[in-house]
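The block underneath contains the structure these notes are about, expressed in structure tokens.
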Amino acid sequence: MPYSAEHKQQTRAKIVESARILFNRHGFQDVTIDMVMENAGLTRGGFYNHFKTKEQLHHAAVSSFLHGRGAQWRKDAGVDPNVPGEDMVRQMILGYLSSDHLGDIDGQCPMIALPSDIARSNPQVQTSYSELLQAMVGLFENGIGKKGHEARQQALSMAALCVGGMVIAKSLPNSRLAEEVRDAAQSFALNQLAG
């Protein structure tokens, strides 16, 4: 008896989430299909019912973050993109540039966890990454009190501070300097919002 469409969708989601976590932990190159499927509690043969290549899975894993783990992260951080305003932008900055987010390797945003993997990836994966950045920029742009080009520039610089600050801090694990970088990026982004 064939599996239902719902079962197939749940299995696919389990594979994607398993891959997202493993890519965050080990990077794209060091994760195998066998690792993904074992982590998901499934057999390797089942992979090909959902994806043709590991690159397709990479795209799905990056794409899934915005409405999956990322949505949960925003909720936990008190960020509601449907309620624009400076308070929401402030919450996003505080949550994104937090010690908790820095330490949450499995739940980290792919923009922090995978930038060099993405730069070497295929255009489809790069598009997924770009969509994540556009969502962050849009959230900032809608929440700050300016309009037009000035709002766009401020939103882009805030996103660059958030992502860049966390990428640098992540490259200095468990160190005082990592916390200093993260804290400085957070303070500067908040000051930019106030300015």
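Numbers at a glance
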item: Residue satisfying all of: in the range 24-83; polar (S, T, N, Q) and over 13 Å from the mean Cα position of the chain (by Cα); surrounded by the most Cβ atoms within 10 Å (Cβ to Cβ) among these; result: ASN39
item: In the range 93-109, the residues that are surrounded by 17 or more Cβ atoms within 10 Å (Cβ to Cβ), out of contact with any helix residue (DSSP H, G or I) (no Cβ under 6 Å at 6 or more places or on another chain) and touching a residue at least 24 places away in the same chain (Cβ under 8 Å); result: HIS101, CYS109
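To keep it simple, each residue is scored yes or no on (1) within 19 Å of ASN24 (Cβ to Cβ); (2) touching a residue at least 12 places away in the same chain (Cβ under 8 Å); (3) open to solvent by 50 Å² or more (accessible area, probe 1.4 Å); (4) under 18 Å from the mean Cα position of the chain (by Cα).
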site: ASP117; (1), (2), (3), (4): yes, yes, no, yes
site: LEU139; (1), (2), (3), (4): no, yes, no, yes
site: ALA155; (1), (2), (3), (4): no, yes, no, yes
site: ASN174; (1), (2), (3), (4): yes, no, yes, no
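The values are calculated or read from the model by the stated rules, or taken from the named source; none is laboratory data. It should be emphasised that the depicted structure is a prediction, and the values quoted were computed from it without experimental measurement. Backbone-built Cβ (ideal geometry, glycine too); neighbour counts: all protein chains shown. Surface accessibility is based on the protein's heavy atoms, side chains included, excluding ligands, DNA and RNA. Shrake-Rupley method; radii C 1.70, N 1.55, O 1.52, S 1.80 Å.
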